[in-house]
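Just so it is clear, none of the values below were taken in a lab; they were calculated from the coordinates. From a predicted model like this one, the values you see are computed outputs, not experimental measurements. We place every Cβ from the backbone using ideal geometry, glycine too, and count neighbours over all the protein chains shown.
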Amino acid sequence: MITRRGLLKSAAATSFTAAASGLALPAYAQNRTIKIGFVTPQTGPLAIFAEPDQFVIDQFRAQFAEGVDIGGTRHNIEIIVKDSQSNSNRASSAAQELILEDGVDIITATATPDTTNPVADQAELNGVPCITNDTPWQPHFFGRQGDPAVGFEYTYHFFWGLEDIIQVFMSLWDGVETNKVVGALWPNDPDGNGWSHPELGFPPVMGQAGYKLIDPGRYQNMTDDFSAQISAFKEAGVEIVSGVMIPPDFTTFWTQAAQQGFNPKVVNVAKASEFPQAMAALGPRCDGLSVEVWWHKYFPYMSSVTGQSCEALSDAYEAATGKPWTMPLGAKHSLFEVVIDALKRTEDIDSPEAISAAIRQTNMNTVFGPVNFQTGPVPNISKTPLAGGQWQLQGDKPVLEIVTNGHSPEIATTGAIKPIA
């Protein structure tokens, strides 16, 4: 396999040979354009994660239209976007294109392990610095066979972990009186397999906290019939439904649950319940659905680049697009904050190792919260804040209220949890 690392070694050998033979080599301008690659699911079932992409990219292009000062030299910045099509194989190919054809200096990706993992794998293989977020850190790190004793050389990731979302979900469950019987909806994908892991996922912690798990097994994404799961939940007396589902699958499940007379008191499903667009499409059926909140208009953080608060960034997005703010807005914005910060601190912009070293030393505040790659829990990972939220109708508009904050007390609550009507 041809990798950029191999090409660079070949180029170095060629340079040595040319120098030894007295041949003149072309000089490279010090103020060359810095290329940032960005892989994102602009189409397919994960496209809802990518809605804020263009707004954020336009923000950073405008902010750095005059370039970025790196070591006393001003460099232009080019952001090259590739669509993963919500497919891990395509995400891998997109990363290869960015690395081998576009020659990016640093590569980024967001939106579930289907995107971040294959991109990071290609970056590590080719010796290209990479920063990702919007994937729980265990499916990202261990899903790529990461060794906690070693870590990775070029790839860095910031987001919360399964231990965090378990605590947040249980804080939501504890807020409603139930029989503590939980039905799980975990798909056969990197997220579902990570969340259902018998040692690192939900099952052992749920048991310790006194919750009974009803797990009907992994299902395939884009399933059109959840009758078997609903029957199992009804038979077991499930009053809490939890899981991690893409929006189309949750819509199918929740519609069929109503048709089949299944009415749990608590439903919190990651991915699907994170987006106001998906909730609005459910109409009154969205009222009372709960979810982890990894970014919110009223989080207490500020952009290191624009100086915008979370509220100001949300307002600017809504004014520019006519769409409601959404959690990935903060994640995408912070991703480029970290990239720019690392580039500014890089000692040799032509050295992937120097860029990687600068990323490794990152310790900064972003609109997404603090990012510090020195604090673990494993190498190359920084954990970010998390709260618990619930969608509550205001008229016919679903509003995401922050209803639990025990995991991140610096985040203020905006409402109180209620059972699903």
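Qualifying GluC sites (Glu not before Pro) in region 153-225, where qualification requires a DSSP coil assignment and no more than 13 other C-beta atoms within 10 Å, comprise E177, E199. Taking all Cα pairs closer than 8 Å and separated by 6 or more residues, the relative contact order of the chain comes to 15 percent.
Distance between the 7 Å Cα→Cβ label points at N263 and R74: 6.6 nm.
Highest mean first, the peptides 378-388, 187-197 sorted by other C-beta atoms within 10 Å per residue fall in the order 378-388, 187-197. If r is the Cβ-Cβ distance from D225 to E177 and R0 is 45 Å, what FRET efficiency results, to the nearest 0.05? It comes out at approximately 0.90. Between Q394 and E97, the distance separating the two model label sites (each 7 Å from Cα on the Cα→Cβ line) works out to 4.1 nm.
Among the lysines, which fall within straight-line cross-link reach of K234, defined as a Cα-Cα distance under 28 Å, with same-chain neighbours fewer than 8 residues apart omitted? Here the lysines satisfying the reach criterion relative to K234 are K180, K212, K265, K271, K418.
Considering only DSSP beta bridges whose two residues both sit in the chain, what percent are antiparallel, to the nearest 5? Each step should come with its number before you reach the end.
Working: 19 of 55 bridges.
About 35 percent, rounded to the nearest 5.
Rounded to the nearest 20 debye, the dipole size of the chain about its Cα centre is 100 debye, using +1 on the Cβ of Lys and Arg and -1 on the Cβ of Asp and Glu.
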